[in-house]
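Have a look at the structure below before the remarks.
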Amino acid sequence: MTGVPASAAGGSSGAHRARGTAAAADGARSEVSGSAPGPADDGGKAARGGKITAAAVNQASVWNVANLLTMLRLLLVPGFVALMLADGGYDPAWRSLAWAAFAIAMITDLFDGHLARTYNLVTDFGKIADPIADKAIMGAALICLSALGDLPWWVTAVILGRELGITLLRFLVIRYGVIPASRGGKLKTLTQGVAVGMYVLALTGWLATLRYWVMAAAVVLTVLTGLDYVRQAIVLRRRGIAERAAALEAKDA
């Protein structure tokens, strides 16, 4: 009899066995890594592992569904142009395939931004690539239609000039704030998509007449919303200058 309870003795031997197992595991890890185990080494491994994991997450976040839809829209641009100009650009079958490519691009444009905002998938790549993809597919369609003689060049110039001008204007006043997308701007985008899609198809009869009026509405909305964005930019700039002046006066006081 040693006077030590069996449970205590068992606990002591269990502790020794646990420490032995942990030491063996440390030794195995150090043998694999080629370095001696220690608190600093474990901390360094944890830190390095955390950085590697974070980098992997950040890298993988670019390949989300919203960005994939944007990339698909970019890839559709050269395919659309090839289909649009195939066989001289006037074959109804090729024009129908070009319309399908254009329609897919427009549909993905409706979803990628919504998905990015809803599921927190906004990335720097998406911020840059999304507007480029939008203007690329629309610009390609307008230029092809004008080159084929289906759409007057002045219509293409008005629409593309407005889009590029407003984009430049947004960058010029971004120091004062962001010009939000208006309902009129969204309606303009929808009307443009429908009008251009109707022109891509080889329509005849009353449908050809209808697409003329839809395009006329798109041009009117393009001009009116463009002027409204200019007004918002002027107001935003004046407000920003006034706020800065007030802040300087308060600082001096």
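Has the stretch 99-117 got at least one residue that is of a type outside the set (D, E, K, R), free of Cβ contacts under 8 Å to residues at least 24 places away in the same chain and either touching a strand residue (DSSP E or B) at 6+ places or on another chain (Cβ under 6 Å) or on the phi > 0 side of the Ramachandran plot (or both)?
Filtering the stretch 99-117 for residues of a type outside the set (D, E, K, R) gives 99-108, 110-111, 113-116.
Of the ones still in play, those that are also free of Cβ contacts under 8 Å to residues at least 24 places away in the same chain are 100, 107, 110, 114.
Then drop every residue that is not either touching a strand residue (DSSP E or B) at 6+ places or on another chain (Cβ under 6 Å) or on the phi > 0 side of the Ramachandran plot (or both), which leaves none.
No; the residues of the stretch 99-117 include none that is of a type outside the set (D, E, K, R), free of Cβ contacts under 8 Å to residues at least 24 places away in the same chain and either touching a strand residue (DSSP E or B) at 6+ places or on another chain (Cβ under 6 Å) or on the phi > 0 side of the Ramachandran plot (or both).
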Failed condition for GLY240, given (1) open to solvent by 30 Å² or more (accessible area, probe 1.4 Å); (2) more than 24 Å from ALA100 (Cβ to Cβ), with all others met?
(1)
Considering every residue within the stretch 117-125, establish whether at least one is assigned to a helix (DSSP H, G or I), open to solvent by less than 70 Å² (accessible area, probe 1.4 Å) and at pLDDT below 95.
no
Reported set for the stretch 105-116 where residues are under 19 Å from GLY193 (Cα atoms) and open to solvent by less than 50 Å² (accessible area, probe 1.4 Å) is ALA105, MET106, THR108, ASP109, ASP112, GLY113
Within the stretch 204-237, residues open to solvent by less than 70 Å² (accessible area, probe 1.4 Å) and more than 18 Å from THR156 (Cβ to Cβ) come out as GLY205, LEU207, ALA208, ASP228, TYR229, VAL230, GLN232, ALA233, VAL235, LEU236
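Kindly indicate the residue of the stretch 126-135 that is hydrophobic (A, V, I, L, M, F, W, C) and surrounded by fewer than 20 Cβ atoms within 10 Å (Cβ to Cβ) and also modelled with the highest pLDDT among those meeting that condition.
Filtering the stretch 126-135 down to residues hydrophobic (A, V, I, L, M, F, W, C) leaves 128-129, 132-133.
Subset that is surrounded by fewer than 20 Cβ atoms within 10 Å (Cβ to Cβ): 128-129, 132.
Numbers: ILE128: 77, ALA129: 79, ILE132: 85.
Among them, the one singled out is ILE132.
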Every residue in the stretch 136-157 that is open to solvent by less than 50 Å² (accessible area, probe 1.4 Å), touching a residue at least 12 places away in the same chain (Cβ under 8 Å) and either over 24 Å from VAL230 (Cα atoms) or among the aliphatic types (A, V, I, L, M) (or both), please.
ALA136, ILE137, MET138, ALA140, ALA141, LEU142, CYS144, LEU145, LEU148, ASP150, LEU151, VAL155
Pick from the stretch 169-186, criterion open to solvent by 40 Å² or more (accessible area, probe 1.4 Å), more than 18 Å from the chain's Cα centre (by Cα) and of a type outside the set (Phe, Trp, Tyr), ranking: modelled with the highest pLDDT:
LEU172
Cβ pairs under 6 Å, 6+ apart, first in the stretch 170-190 and within 15 Å of ARG238 (Cβ to Cβ) and in a helix (DSSP H, G or I), second open to solvent by 100 Å² or more (accessible area, probe 1.4 Å) and of a type outside the set (Val, Ile, Thr)
none
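Restricting the search to the stretch 217-253, which residues are free of Cβ contacts under 8 Å to residues at least 40 places away in the same chain and either under 19 Å from LYS186 (Cβ atoms) or outside any helix (DSSP H, G or I) (or both)?
Step one: of the stretch 217-253, the residues free of Cβ contacts under 8 Å to residues at least 40 places away in the same chain are 217, 220-221, 227, 231, 234-235, 238, 242-253.
Within the stretch 217-253, ALA217, VAL220, LEU221, LEU227, ARG231, ALA253 meet the criteria.
The values are calculated or read from the model by the stated rules, or taken from the named source; none is laboratory data. Nothing here was measured: the structure is a model prediction, and the numbers come from that model. Please note: Cβ atoms are built from the backbone with ideal geometry, for glycine as well, and neighbour counts cover all protein chains shown. Protein only, heavy atoms only, side chains kept; ligands, DNA and RNA dropped before computing areas. Shrake-Rupley method; radii C 1.70, N 1.55, O 1.52, S 1.80 Å.
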